[in-house]
Amino acid sequence: MKPMKKVEMKVYKERLLQLRARLRGDVSAMADAALNSESNEATAPIHMADVGTDNYEQENTLVLMENDEETLEMIESALERIEQGTYGQCLECAGRLPKMRLNAIPHTPFCVKCAERIQGGG
């Protein structure tokens, strides 16, 4: 398999860096919001439905932050693969990742078949 050209990798590197910057900003903003809601104990809602809504929103924020952290790790890994010259190659089967897939998910380490097999557990 022929490796991806450096010019092509540069385009994906820029995309990954922009995505990483955006996600880091989102994670920071969500963390700040979660911390601020905890520190506003004095103005806590009294109605049980409001308490439930606040708990749900806080839990949802934590899940989103966790997903963003996983995506950030995948982005870092993709940036490392660019530096090593192996970006665009499936980590599982070593096949070439289609540009359409990389354009949709630039941090993906797997081709569609391998990703489905891994996520499907089989």
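Overview of results
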quantity: Scan of the range 74-98 for residues that are free of Cβ contacts under 8 Å to residues at least 60 places away in the same chain and basic (K, R), ordered by number; calculated: R81
quantity: Flag for K113 being in a helix (DSSP H, G or I), at pLDDT 65 or above and of a type in the set (K, R); calculated: yes
quantity: Every residue from the range 83-122 that is basic (K, R) and surrounded by 14 or more Cβ atoms within 10 Å (Cβ to Cβ); calculated: R96, R101, R117
quantity: Scan of the range 73-120 for residues that are of a type in the set (K, R) and more than 18 Å from E8 (Cβ to Cβ), ordered by number; calculated: K113, R117
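Listed here are the residues, each with its yes/no results for (1) in a loop (DSSP other than H, G, I, E, B); (2) closer than 17 Å to V7 by Cα; (3) out of contact with any strand residue (DSSP E or B) (no Cβ under 7 Å at 6 or more places or on another chain).
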{"residue": "A78", "(1), (2), (3)": "no, yes, yes"}
{"residue": "R81", "(1), (2), (3)": "no, yes, yes"}
{"residue": "L91", "(1), (2), (3)": "yes, no, yes"}
{"residue": "A94", "(1), (2), (3)": "yes, no, yes"}
{"residue": "P106", "(1), (2), (3)": "yes, yes, yes"}
{"residue": "Q119", "(1), (2), (3)": "no, no, yes"}
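The values are calculated or read from the model by the stated rules, or taken from the named source; none is laboratory data. Because the structure is predicted, anything quoted here is derived from the model rather than measured. Methodologically, a virtual Cβ is constructed for each residue, glycine included, from the backbone with ideal geometry; neighbour enumeration extends over all protein chains shown.
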